[in-house]
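Written out below as structure tokens is the structure these notes cover.
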Amino acid sequence: MRAVEMAAIDSGTVTGLALMERAGAGVVASFHTNWPALRSGSARILCGPGNNGGDGFVIARLLHANGWQVQVVTFGHPDQLPQDARHNFNRLAMPVADGATTPPTQFDGDLSVDAMFGTGLTRPISDPAMASWLHCHDRFCAAGGAAIAVDIPSGLDADSGRVLQGSACARSGLTVTFHRAKPGHYLADGPEFCGTLHIVGIGL
Ligand SMILES: NC(=O)C1=CN([C@@H]2O[C@H](COP(=O)(O)OP(=O)(O)OC[C@H]3O[C@@H](n4cnc5c(N)ncnc54)[C@H](O)[C@@H]3O)[C@@H](O)[C@H]2O)[C@H](O)CC1
Ligand SMILES: [K+]
């Protein structure tokens, strides 16, 4: 997937920023089909330190523009964000909470989005703050809330479908992935943690 994405960007047919915008818009369109009654309300978006988090910033901006009350929780310093994610962080016109210093609270809003890690997860999620916020997302999902994972549930290995050894991981009722499903969506713990899987095209 990463190779396909890089080849498309290197060929000049598309930019990473355009892919990120399409990915974010695809998630928003997807959740409307999964929960059609959910037209507006309050959303919590957990945004990690990479481009998965960048997708989360796009989702936050689009929901906010559609009248949603949005709480963005970031993990990692904005200065360390990759370029496309940083661009979308800078476009946010809403307050952002630093997940490392803001104690997690039980979420009783309408929509929780896990945009913490995607295909760039390289090691178990062991950071206590990240684990606590993901636990809130998982509890919200278990209570029947509209919980979405962007690309892949954070903590799940995209190739094997297993939760990384000792990693925090959160279930979602809907996982929205891009271009093609990954083996991890279907293997091992994948189905339990992904819930319904939507595959959206982003023009690759
Ligand atoms: N494939 C596509 O067409 C598109 C994919 N998009 C999104 O981009 C992510 C992949 O982004 P990437 O930056 O490569 O990876 P992540 O965002 O998953 O995170 C990488 C980031 O996190 C650090 N890290 C890894 N493991 C840990 C850990 N256990 N604890 C703390 N930090 C960790 C790592 O060092 C990196 O800094 C993909 O999933 C899609 O959502 C594009 O946006 C759209 C097109
Ligand atoms: K994710």
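The values are calculated or read from the model by the stated rules, or taken from the named source; none is laboratory data. Bear in mind that the values here come from a model prediction, so they are computed numbers and not experimental data. Please note: Cβ atoms are built from the backbone with ideal geometry, for glycine as well, and neighbour counts cover all protein chains shown. The accessibility values were calculated without ligands, DNA or RNA, using every heavy atom of the protein model including side chains. Shrake-Rupley method; radii C 1.70, N 1.55, O 1.52, S 1.80 Å.
Descriptive notes on the structure:
- Of the residues making up the range 123-172, those that are more than 17 Å from H185 (Cβ to Cβ) and in a helix (DSSP H, G or I) number 14.
- Selection of helices (runs of 4 or more DSSP H) fully inside the range 1-113 by the criterion of at least 3 residues being at pLDDT 95 or above returns 16-34, 51-65, 83-90.
- Pairing each residue of the range 36-50 that is away from ligand 1 (no atom under 16 Å from the Cβ) and hydroxyl-bearing (S, T, Y) with any residue that is part of a strand (DSSP E or B) and open to solvent by less than 10 Å² (accessible area, probe 1.4 Å), provided the two are 6+ apart or on different chains, yields C-beta distances under 9 Å for S42/L111.
- Residue in the range 192-201 that is open to solvent by 20 Å² or more (accessible area, probe 1.4 Å), in contact with a Gly (Cβ under 7 Å, 6 or more places away or on another chain), within 16 Å of ligand 2 (Cβ to nearest atom) and not hydroxyl-bearing (S, T, Y) present: yes
- Single residue of the range 175-191 satisfying the filter (within 12 Å of ligand 2 (Cβ to nearest atom) and hydrophobic (A, V, I, L, M, F, W, C)) that is least open to solvent (accessible area, probe 1.4 Å): V176
- Filtered residue count, the range 1-24, keeping only those that are farther than 23 Å from D159 by Cα and buried (at least 18 other Cβ atoms within 10 Å of the Cβ): 2
- Selected residue (only one of V96, V113, V27, V70 is crowded, with 23+ Cβ neighbours inside 10 Å and more than 16 Å from ligand 1 (Cβ to nearest atom)): V70
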